[in-house]
């Protein structure tokens, strides 16, 4: 089991400094605007919370579609709430047992938990980078996610639809930058 709270809490701490007049601005996450990234975060929290609880339904039984471009006016409160629920759901030992369903995919729950943590951690960086905020993951989280994300780093076919190609970095780049590069992100990305 991994404690999600350090990651979900850090992502939640970014929300108050997201500017409403910049929601259409770009992010380092493909073609997502800030609004789409925030909607994606809300959706993935719902799906992975349901996965942790062993639930099936509209939040986790189909692949995610393109996130909406407009946000509910209460998105800050909703996302903060969803992040806390996600951390609570994965704090239960039973969440890591058996199989879980999210995004229309069934995986061992121990793997699904890592997918969920990776999604929140990396998209948290996307949001921080897009909004010019500092973001530093816990070294233990970085180590765990680097091992998880890097297992297929030489096989782009296995990564297709999940990550862009690995970004080349100098050997002395930080561990967090190496994790981001494994997910196809350029750690030097700026708005």
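Miscellaneous remarks
- Checking each residue in the range 45-69 for being touching a strand residue (DSSP E or B) at 6+ places or on another chain (Cβ under 9 Å) and either free of Cβ contacts under 8 Å to residues at least 12 places away in the same chain or within 19 Å of residue 185 (Cα to Cα) (or both) picks out only 55.
- Residue match in the range 146-155 (condition: in contact with a strand residue (DSSP E or B) (Cβ under 9 Å, 6 or more places away or on another chain), modelled with pLDDT under 95 and not in a helix (DSSP H, G or I)): no
- The residue of the range 75-134 that is nearest to the chain's Cα centre (by Cα), among those that are on the phi > 0 side of the Ramachandran plot and at pLDDT below 95, is 103.
- Residue within the range 59-66 that is crowded, with 20+ Cβ neighbours inside 10 Å and at pLDDT 95 or above present: no
- The range 118-145, residues that are part of a helix (DSSP H, G or I), touching a helix residue (DSSP H, G or I) at 6+ places or on another chain (Cβ under 8 Å) and farther than 19 Å from residue 188 by Cα: 118, 119, 120, 139, 141, 143, 144, 145
- Residue match in the range 161-180 (condition: within 26 Å of residue 34 (Cβ to Cβ), at pLDDT below 95 and either outside any loop (DSSP other than H, G, I, E, B) or in contact with a strand residue (DSSP E or B) (Cβ under 8 Å, 6 or more places away or on another chain) (or both)): no
- Of all residues in the range 27-42, exactly one satisfies the criterion of being under 14 Å from residue 8 (Cα atoms) and either surrounded by fewer than 23 Cβ atoms within 10 Å (Cβ to Cβ) or free of Cβ contacts under 8 Å to residues at least 12 places away in the same chain (or both), namely 42.
- Within the range 70-93, being surrounded by fewer than 14 Cβ atoms within 10 Å (Cβ to Cβ) and touching a residue at least 40 places away in the same chain (Cβ under 8 Å) holds for 92, 93.
The values are calculated or read from the model by the stated rules, or taken from the named source; none is laboratory data. As the structure is a prediction and not an experimental result, all values here were calculated from the model. For neighbour counting, all protein chains shown are included, and Cβ atoms are generated from backbone atoms with ideal geometry for every residue, glycine included.
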